[in-house]
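Worksheet: the structure to be examined is printed underneath.
The values are calculated or read from the model by the stated rules, or taken from the named source; none is laboratory data. In this text the structure is predicted, and so the values were computed from the model without any measurement. Every residue, glycine among them, receives a Cβ derived from its backbone with ideal geometry; neighbour counts consider all protein chains shown. The accessibility values were calculated without ligands, DNA or RNA, using every heavy atom of the protein model including side chains. Shrake-Rupley method; radii C 1.70, N 1.55, O 1.52, S 1.80 Å.
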Amino acid sequence: MKQIYIQTFGCQMNISDSETILSSMTPHGYQQTETLETADLIVINTCSIREKAEQKLRSYVGRLKPIKEHSPHLRIAIAGCMAQRVGKELLRSMPIIDIVMGPDQVRDLPELLEARDYSGKPIVRTEFEPEDTQFNLDHRTYRDKSSGFVPIMKGCDHKCTYCIVPFTRGTEKSRPLDSILEEVGFLIHRKGLKEITLVGQNVNGYGRGTAFDFPKLLWRLAQIPRLHRLRFITSHPKDANQDLANCFRDIPVVSPYLHLPIQSGSNAVLKRMKRLYTHEEYRDSIAMFRTAQPRLAFSTDIIVGFPGETDEDFQDTLKLVEDIQFDFAYSFIYSERPNTPATRLKDDIPLDVKKKRLFLLQKKLQESANAKSLKLVGTEQELLVEKSYEKDGAFYVEGRTDTFKISRIATDRSYAYHDLMRAKITSTYETTLLGSDLTLETHPTHQSTIHTHASL
Ligand code: SAH
Ligand code: SF4
Ligand code: F3S
């Protein structure tokens, strides 16, 4: 068997694409390795969202140089968003690269490798495919994880002025329903998974312009027997409507957790970002979702230091965060991306001001996240197990509640990574829930159960 090493940077789309890349190689005699030095093929799935993400790639490739010198047969492929954005220019600064392929080429690596060896020259392929060939994912190989990632759309038709994604992923396309059903059914019934995460840049824009929209998709998937939890990332506030809120109320398998990026609490900044909503509309959406499902946990993304962001604008963001009390959040300093509309705005905020704002924001976000977790002390929670390990003679399980909170639970036996367990939450460490295994309390003479891993 040949060895393939895959390094994934970036978001849920890249994680999902890396699974497709791996699956495309397994019929050609490749198996995944965790050791760079023994790899015959190294694939780096890249991200362009911020300048830092691109720097990471450059230093990573720099570290591969000595490995390539020692094994000239080694092939190195750069995939994903940075490959799409920079294209053949990558070869100039990184001559050890053999293949540059965009997000629409995730199934084409075997062919590209052959072309590379046949021509004796590096190969660059980054055309957007007009059709959704990427969605034919039969025989996909999956990560050894409890949640199965299923792409339901690709690309993005929003044109947020700071964002590189429309350039790297092309226009929005929804995956045909049959193909989604087939993959979800396969993961649940053949792989034994209990949780599915639908992934896309704007999942709630699914089926745009057709009668079969995202809430309808959720209702349809909920009919699949033995699907226990259904999640999705990412949703756009513009398409977060009452039908979607009702799904959290009316569909038991839809997990009460919503990632809804706000980006800023200032209407002036939101307008310059072209986010298509005001902070009042965003607040109303949150209220609507909370009314429909009071248990809903919320997370968000926020950018600080967008061009022209005044102190008052930033205070509006702090105020919004204070009012909404997110369960957790990702926050970033604005990073200017080539050719995006925001490059025409003057990046007029000094770096130390941006850093100070990020610090203040993260402090506030951390407070609400900690408080949200603390509120769960004393409750019983169902966990989906992600990891089980032994330390100093005791067993621990790490898993997630249906509200996506990371939990670490003491137990006296090992669990498989997609088992369900009931736990009593007794304390927290920052946002992590700590507690004990209720299965043991209710069955004091409990005999260790044999858990079989699904054949992944
Ligand atoms: N499609 C999703 C998220 C896309 S990227 C959405 O629309 O919400 C993930 C996050 O990265 C964004 O929500 C945003 O907060 C951040 N981001 C995107 N471009 C950025 C940039 N140029 N600088 C800093 N952060 C950025
Ligand atoms: Fe980027 Fe906006 Fe599309 Fe999200 S919705 S991927 S932030 S352009
Ligand atoms: Fe990065 Fe591309 Fe995702 S730019 S965030 S990997 S869509």
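Structure notes:
- Cα gyration tensor category, rounded, prolate or oblate, for region 1-152 with a/c compared to 1.5: rounded
- Ellipticity estimate at 222 nm from DSSP helix runs (n ≥ 4, -39,500 (n - 2.57)) divided over the chain, nearest 500: -10000 deg cm²/dmol
- For region 392-438, the solvent-accessible area of protein heavy atoms averages 40 Å² per residue (probe radius 1.4 Å; ligands and nucleic acids excluded).
- Each label was represented as a point 7 Å from its Cα along the Cα-to-Cβ direction; for residue 37 and residue 387 these points are 2.5 nm apart.
- Among the cysteines of the chain, 11, 47, 81, 156, 247 have no other cysteine beta carbon within less than 4.7 Å of their own.
- Under a 5 Å amide H cut-off, with hydrogens placed 1.01 Å from N, residue 254 pairs with 230 among residues at least 5 apart or on other chains.
- Under 5 Å from the amide H of residue 149 lie the amide H atoms of 197, each residue being 5 or more positions distant or on a separate chain, with H modelled from the backbone and absent for Pro and chain starts.
- In terms of its alpha-carbon gyration tensor, region 313-451 comes out prolate; a/c meets the 1.5 threshold, and the first ratio a/b outweighs b/c.
- Here the 3J(HN,Hα) profile of region 189-195, calculated from phi with Karplus coefficients 6.51, -1.76 and 1.60 at θ = phi - 60°, is 8, 9, 9, x, 6, 10, 10 Hz, Gly and Pro shown as x.
- The loop-placed GluC sites (Glu not before Pro) in region 1-87, going by DSSP, that have at most 14 neighbouring Cβ atoms within 10 Å of their Cβ come out as 34.
- Here the 3J(HN,Hα) profile of region 199-209, calculated from phi with Karplus coefficients 6.51, -1.76 and 1.60 at θ = phi - 60°, is 10, x, 6, 9, 4, 7, x, 3, x, 3, x Hz, Gly and Pro shown as x.
- Fraction of accessible area attributable to carbon and sulfur, the chain (%, probe 1.4 Å): 52
- In region 54-132, trypsin sites (Lys or Arg not before Pro) in a DSSP loop with at most 15 other beta-carbon atoms within 10 Å: 88
- Classified by the C-alpha gyration tensor, region 257-311 has a prolate form. Its axis ratio a/c, with a ≥ b ≥ c, is 1.5 or above, and a/b is larger than b/c.
- Taking only the C-alpha atoms of region 158-197, Rg followed by Dmax gives 15.3, 43 Å.
- Two-site FRET efficiency, residue 171 against residue 377, from Cβ-Cβ distance with R₀ of 60 Å, rounded to 0.05: 0.80
- Convex hull (Cα only) mean projected area of the chain, reported in nm² to one decimal: 23.2
- Residue among 338, 415, 305 farthest towards the positive dipole end of region 263-418, charges placed on Cβ: 338
- Size of charge dipole - region 128-284 - debye, nearest 20, with Cβ of Lys, Arg +1 and Asp, Glu -1, no other charges: 420
- Rotationally averaged projected area of region 208-278 (alpha carbon convex hull; nm²): 5.5
- Using a probe of 1.4 angstrom and keeping all protein chains present, the accessible surface of region 234-365 works out to 44 square angstrom per residue.
- Each of residue 51 and residue 143 was given a label point 7 Å from its Cα along the Cα-to-Cβ line. The distance between the two points is 2.9 nm.
- Separation in nanometres of the label points that stand 7 Å from Cα toward Cβ, at residue 394 and residue 118: 6.0
- Residue-by-residue Karplus 3J(HN,Hα) for region 423-428, coefficients 6.51, -1.76, 1.60, Hz, glycine and proline x: 9, 9, 8, 10, 6, 9
- Only Lys, Arg, Asp and Glu carry charge here, each on its Cβ (+1 for the first two, -1 for the last two); on that basis the chain has a dipole of about 480 debye about its Cα centre.
- Amide H within-cut-off set for residue 333, under 5 Å, with H built and near neighbours excluded: 304
- Backbone N atoms of region 100-127 closer than 12 Å to the 7 Å Cα→Cβ label point of residue 2 belong to residues 109-118.
- The residue list 232, 358, 103 was ranked by how far each Cα lies along the charge dipole of the chain toward its positive end, using unit charges on Cβ atoms, and 358 comes out on top.
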